[in-house]
Amino acid sequence: MKYKKILKGKFKNRPNRFIANIEIDGKVETVHVKNTGRCRELLLPDADVILEVSDNPNRKTAYDLIAVYKEKIGLVNMDSQAPNKVVAEWILKQGFDYVKPEYTYGKSRFDFYMEKDDEKFLLEVKGCTLEIDGVGYFPDAPTERGVKHLRELAEAAGKGYRCYVAFVIQMEGIKEVLPYTVTHPEFGVALQEARNAGVGVLYLECRVEPDCLVIREDVPGIIERKDDCDLQ
């Protein structure tokens, strides 16, 4: 996944979850933040950030905040739309017979439904931007929707679907994502219940560049994963 046109800036403050004030070439501009999560450990005063230039002349803001540099980690892509885009690109290379994004099952809408031969797959994607002491965590804010997805996946797994939750790691050097039970204990419980029911957990390491996010080529595909436990 590649961004069309980017530039650098410095983070100043975030009046609300949708906008931030960024210094660009000595002038402070209000930009759109492509992540409604808290991101408090990322958006620190004077942090170096990456912006995408909007190609829509009618927008109120001319830029989108898509990435930030974090000490000891490097560049963190914080675009909440990016994980689904990179997973869509990744899936299309894996030889599925059929792929449908935004698939409704039960009372949930999952990010992807796939078919291969006689097997049916459900995949839910979660982006990870929270890092503590070299480990990734999710979620950085309570997510009732995430808990609901995990429980629906567990139910589907019991009916013969091959089900996965994929954590797209939007920074380099992190290989595992744990439930951040400090923020949402119920998510950790639901994740363990899903594992016990046969839902696989994928840690998708990415190559992160200022204008690009892509799942690494050495990450195994889905079809060949036969073990329904924490595979990488």
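Laid out as a table, the results:
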quantity	calculated
Flag if Thr36 is in contact (Cβ under 8 Å) with a residue 12 or more places away in the chain, surrounded by fewer than 17 Cβ atoms within 10 Å (Cβ to Cβ), closer than 25 Å to Phe138 by Cα and of a type in the set (Ser, Thr, Tyr)	yes
Boolean, Lys107 is over 18 Å from the mean Cα position of the chain (by Cα), closer than 20 Å to Leu150 by Cα and touching a residue at least 24 places away in the same chain (Cβ under 8 Å)	yes
Candidates Glu205, Glu193, Glu176, Glu152 - the one that is out of contact with any Phe, Trp or Tyr (no Cβ under 6 Å at 6 or more places or on another chain) and under 25 Å from Arg40 (Cα atoms)	Glu205
Members of segment 27-58 that are at positive phi and modelled with pLDDT of 95 or more	Asp46
Test result for Thr61, outside the structural domain of Thr129 (by TED's automatic domain parsing), among the β-branched types (Val, Ile, Thr) and over 18 Å from Arg207 (Cβ atoms)	yes
Candidate set: segment 169-182, residues that are surrounded by fewer than 21 Cβ atoms within 10 Å (Cβ to Cβ) and in contact (Cβ under 8 Å) with a residue 60 or more places away in the chain; chosen: the one farthest from Asp111 (Cα to Cα)	Gly173
Asp133 free of Cβ contacts under 8 Å to residues at least 12 places away in the same chain, out of contact with any Ser or Thr (no Cβ under 6 Å at 6 or more places or on another chain) and surrounded by fewer than 19 Cβ atoms within 10 Å (Cβ to Cβ)	yes
Selection within segment 1-23 - touching a Lys or Arg at 6+ places or on another chain (Cβ under 8 Å) and closer than 16 Å to Ala62 by Cβ	Ala20, Asn21, Ile22, Glu23
Condition broken by Asn21, with the remaining ones in (1) more than 28 Å from Arg145 (Cα to Cα); (2) part of a loop (DSSP other than H, G, I, E, B) satisfied	(2)
All positions within segment 108-152 that are in contact with a Gly (Cβ under 8 Å, 6 or more places away or on another chain) and assigned to a loop (DSSP other than H, G, I, E, B)	Thr129, Gly134, Pro139, Asp140, Ala141
Residue check, Lys72 part of a loop (DSSP other than H, G, I, E, B), of a type in the set (D, E, K, R) and more than 25 Å from Asp140 (Cβ to Cβ)	no
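Residue by residue, here is whether (1) charged (D, E, K, R); (2) closer than 21 Å to Tyr103 by Cα; (3) in contact (Cβ under 8 Å) with a residue 60 or more places away in the chain holds:
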| residue | (1), (2), (3) |
| --- | --- |
| Val125 | no, yes, no |
| Pro142 | no, no, no |
| Gly146 | no, yes, no |
| Gly160 | no, yes, no |
| Phe167 | no, yes, no |
| Leu213 | no, no, yes |
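Matching residues to (1) within 26 Å of Arg216 (Cα to Cα); (2) surrounded by fewer than 18 Cβ atoms within 10 Å (Cβ to Cβ); (3) among the hydrophobic types (A, V, I, L, M, F, W, C):
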site	(1), (2), (3)
Ile19	no, yes, yes
Leu42	yes, no, yes
Asp64	yes, no, no
Gln81	yes, yes, no
Glu102	yes, yes, no
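Per-residue answers, yes or no, for (1) without any contact (Cβ under 8 Å) to a residue 60 or more places away in the chain; (2) under 20 Å from the mean Cα position of the chain (by Cα):
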| position | (1), (2) |
| --- | --- |
| Tyr3 | no, yes |
| Asn16 | yes, no |
| Ile19 | yes, yes |
| Asp25 | yes, no |
| His32 | yes, yes |
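The values are calculated or read from the model by the stated rules, or taken from the named source; none is laboratory data. Everything numeric in this text was worked out from a predicted model, so none of it was measured. As a convention, Cβ positions derive from the backbone with ideal geometry for all residues, glycine included, and neighbour counts pool all protein chains shown.
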